[in-house]
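A.B. asks: Sharing a structure with you now.
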Amino acid sequence: MQNNKEASTKPNYRNHLVTQSPNHLITFPKVAFTLAETLITLAIIGVVAALTIPNLVAKYQKRQTVVRLQKAYSEISQAMKMIETEHGFMENWSWSDFGSTREEIQNNFTKNYLKKYIKIAKECSTNNINECIKYPIKGLNNTDVYTNDLLKAILTTSGYSVYLWFGGSSEDSPYSEHLHFIIDIDGPNKGDSILGKDVFIISANFKEQQAVSEDIGSVENSPKKSGIYFYGNGWIPELTRDELKNNSYGCSKDKYGHFCGALIQRDNWEIKEDYPWE
């Protein structure tokens, strides 16, 4: 009796061999996707990717644009402030201090002022302008904006390009003297060279400008404050967001796009949904 009891309490290894044997596993049906199910799954993944990836790419590109634009704006603003500490406030500047022709002014300002405070990798003039900045520069409305008047451009060590455009001369009213830094955030070898896409304008306004004429209904004829601004900011009174978009220089698909940098800054350094990105 004792032997039988002991035998009954011992595990039945023979029975367990059935569950432990690999041969036993093949008695159960294998679970697998059919070809149709696999194709449907891949199609769903493709649709989801098609819907989400472009948005993610666009979001990344917008953020990179803002980061590069902020960097260029910061470096140029700091450079101009340092120039003011050395040469006095812009309100007291006159283009006659730098030269008599636009080309002479551009060269002297770059050599004696700008190069001290911005690291320049290369300087270009009309005959080799494309080595510094992609050219010509178009507007959002696909119009050539800057075509044959480029005389001076620089490529910075930070990677962005600057075309220097000086407004105001002996033929113009003295209060209209100003300087445009036309920034290509991609440099000469990337991007489309389009205002509002990869090209933006920072302005240095000399003196507090008065209205060009009694009719100040036109934005361009409105007075401006002295200082460093994205083109479109610094007007008196300040332009509204709607004016930054819908003026002929505004940031819309059917406009030139000069004011796009001002719009981005006005929107707290963000490219919003109504920005003409595509």
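The values are calculated or read from the model by the stated rules, or taken from the named source; none is laboratory data. Given the structure is predicted, the values throughout are model-derived calculations rather than measurements. Glycine gets a Cβ as well: all are built from the backbone with ideal geometry, and neighbour counts include every protein chain shown. To get the accessible areas, we keep the full protein, side chains included, count just its heavy atoms, and leave off ligands, DNA and RNA. Shrake-Rupley method; radii C 1.70, N 1.55, O 1.52, S 1.80 Å.
A.B. asks: Taking segment 92-134 on its own, how many of its residues are part of a loop (DSSP other than H, G, I, E, B) and modelled with pLDDT under 85?
C.D. replies: The qualifying residues number 6.
A.B. asks: So for segment 76-92 (the condition being open to solvent by 30 Å² or more (accessible area, probe 1.4 Å) and farther than 23 Å from Ile228 by Cα), does at least one residue qualify?
C.D. replies: no
A.B. asks: Go through segment 62-75 and report how many residues are within 8 Å of the chain's Cα centre (by Cα) and over 14 Å from Tyr229 (Cα atoms).
C.D. replies: Looking only at that region, the number is 7.
A.B. asks: Given the criteria modelled with pLDDT under 85 and part of a helix (DSSP H, G or I), does Ile45 qualify?
C.D. replies: Yes; evaluated as a whole, the condition is true for this residue.
A.B. asks: Return a yes/no flag: does segment 74-86 have any residue that is at pLDDT below 85 and more than 26 Å from Gly159 (Cβ to Cβ).
C.D. replies: no
A.B. asks: Checking Val162 against (1) under 18 Å from Phe206 (Cα atoms); (2) touching a strand residue (DSSP E or B) at 6+ places or on another chain (Cβ under 7 Å); (3) not basic (Lys, Arg), which test does it fail?
C.D. replies: Looking at each condition in turn, Val162 falls short on (1).
A.B. asks: Something else now. For the subset of segment 256-269 comprising residues that are touching a helix residue (DSSP H, G or I) at 6+ places or on another chain (Cβ under 7 Å) and assigned to a loop (DSSP other than H, G, I, E, B), which member is least open to solvent (accessible area, probe 1.4 Å)?
C.D. replies: Top of the filtered list is Phe259.
A.B. asks: Given the criteria free of Cβ contacts under 8 Å to residues at least 24 places away in the same chain, under 25 Å from the mean Cα position of the chain (by Cα) and within 19 Å of Leu151 (Cβ to Cβ), does Asn128 qualify?
C.D. replies: So Asn128 passes the test.
A.B. asks: Among the residues of segment 54-62, are any assigned to a helix (DSSP H, G or I), among the aliphatic types (A, V, I, L, M) and open to solvent by 80 Å² or more (accessible area, probe 1.4 Å)?
C.D. replies: Yes, segment 54-62 contains a residue that is assigned to a helix (DSSP H, G or I), among the aliphatic types (A, V, I, L, M) and open to solvent by 80 Å² or more (accessible area, probe 1.4 Å).
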